[in-house]
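Before any comments, here is the structure.
The values are calculated or read from the model by the stated rules, or taken from the named source; none is laboratory data. In this text, all values refer to a predicted model and were calculated from it rather than measured experimentally. Here Cβ is always computed from backbone atoms with ideal geometry, including for glycine, and neighbour counts include all displayed protein chains. When the accessible area is computed, the model is the full protein with side chains, heavy atoms only, and any ligands, DNA or RNA have been set aside. Shrake-Rupley method; radii C 1.70, N 1.55, O 1.52, S 1.80 Å.
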Amino acid sequence: MAVAVAIAADLHLRLSSRISPVWHTLSEYVYGGSSSAPLFSAMCLALALGSVALLAGIAKARRQRSVLVLLGVWSLGLLIIAAFPVDPEGAARSFSGQVHNYAALAAFIALPSAALTLTRMGNVNCPWEPRRTTIRRLATASIVSIVLVFGGFLFKLLTGPQLTLGLFERLLFTIDLALLATMVRPLLSAAPR
């Protein structure tokens, strides 16, 4: 997951003159130059692999299957996002762009749903119990951010004016990274040294 953050920071710093972090989504970094598309894909792959490692840790802790399925949807969604580029700004909707958009929607709904399901029942022996409130607050913030991003996306499709989708999406990305880190932390604390 740290590799994904490092790549995202690199893309932001190197391409800030071409891709606005306020107006453009993270997915639009694929149009930032010859090396940006592979870097964006590597970022998604790194985040997916980190998420699969989290999924494996949760499976080992014998949590609900629904959590594993939802984290699987999140991880698979990230892989699909990497494989199917978003449509360029102003271009007609393509099959690849539609697959990208639906995979993003499924992934970004699945992650906070997994977090809420993981922390649904209190259990003193559960490694997530001490961070239950934090995980639930981050999951709720993620859902609010999803509503902002996809509501803004729909508004833009229907009415046409430019919205600050990039800013809202980066807020969602930051919240989801914090959510993943908070979900991973109990596993790291419980791991044998």
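Within the range 1-48, take every residue that is among the charged types (D, E, K, R) and more than 21 Å from Asp176 (Cβ to Cβ) and give me the one that is surrounded by the fewest Cβ atoms within 10 Å (Cβ to Cβ).
Step one: of the range 1-48, the residues among the charged types (D, E, K, R) are 10, 14, 18, 28.
Narrowing further to those that are more than 21 Å from Asp176 (Cβ to Cβ): 14, 18.
Details: Arg14: 16, Arg18: 13.
Ranking the qualifying residues of the range 1-48, first place goes to Arg18.
Of the residues Val30, Val86, only one is more than 27 Å from Ala139 (Cα to Cα) and not polar (S, T, N, Q); which?
Numbers: Val86 fails: more than 27 Å from Ala139 (Cα to Cα).
The conditions single out Val30.
Residues of the range 100-120 that are of a type in the set (A, V, I, L, M, F, W, C), closer than 18 Å to Val149 by Cβ and open to solvent by less than 40 Å² (accessible area, probe 1.4 Å): Ala103, Ala104, Ala107, Phe108, Ala110, Leu111, Ala115.
Listed here are the residues, each with its yes/no results for (1) out of contact with any strand residue (DSSP E or B) (no Cβ under 6 Å at 6 or more places or on another chain); (2) within 26 Å of Ile7 (Cα to Cα); (3) assigned to a helix (DSSP H, G or I).
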| position | (1), (2), (3) |
| --- | --- |
| Val52 | yes, yes, yes |
| Leu55 | yes, yes, yes |
| Val69 | yes, no, yes |
| Gly72 | yes, yes, yes |
| Ile81 | yes, yes, yes |
| Asp87 | yes, yes, no |
| Ala106 | yes, yes, yes |
| Pro130 | yes, no, yes |
| Leu138 | yes, yes, yes |
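Let's see how each residue does on (1) in contact (Cβ under 8 Å) with a residue 60 or more places away in the chain; (2) among the aromatic types (Phe, Trp, Tyr):
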{"residue": "Asp10", "(1), (2)": "no, no"}
{"residue": "Arg18", "(1), (2)": "no, no"}
{"residue": "Val22", "(1), (2)": "yes, no"}
{"residue": "Ser34", "(1), (2)": "no, no"}
{"residue": "Ala37", "(1), (2)": "no, no"}
{"residue": "Phe40", "(1), (2)": "no, yes"}
{"residue": "Gly50", "(1), (2)": "yes, no"}
{"residue": "Ala56", "(1), (2)": "no, no"}
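For the range 145-176, taking the residues that are under 19 Å from Leu15 (Cα atoms) and open to solvent by 20 Å² or more (accessible area, probe 1.4 Å), the one that is modelled with the lowest pLDDT is identified as Thr164.
The one condition from (1) open to solvent by 50 Å² or more (accessible area, probe 1.4 Å); (2) over 27 Å from Leu148 (Cα atoms); (3) aliphatic (A, V, I, L, M) that Leu79 does not meet is (2).
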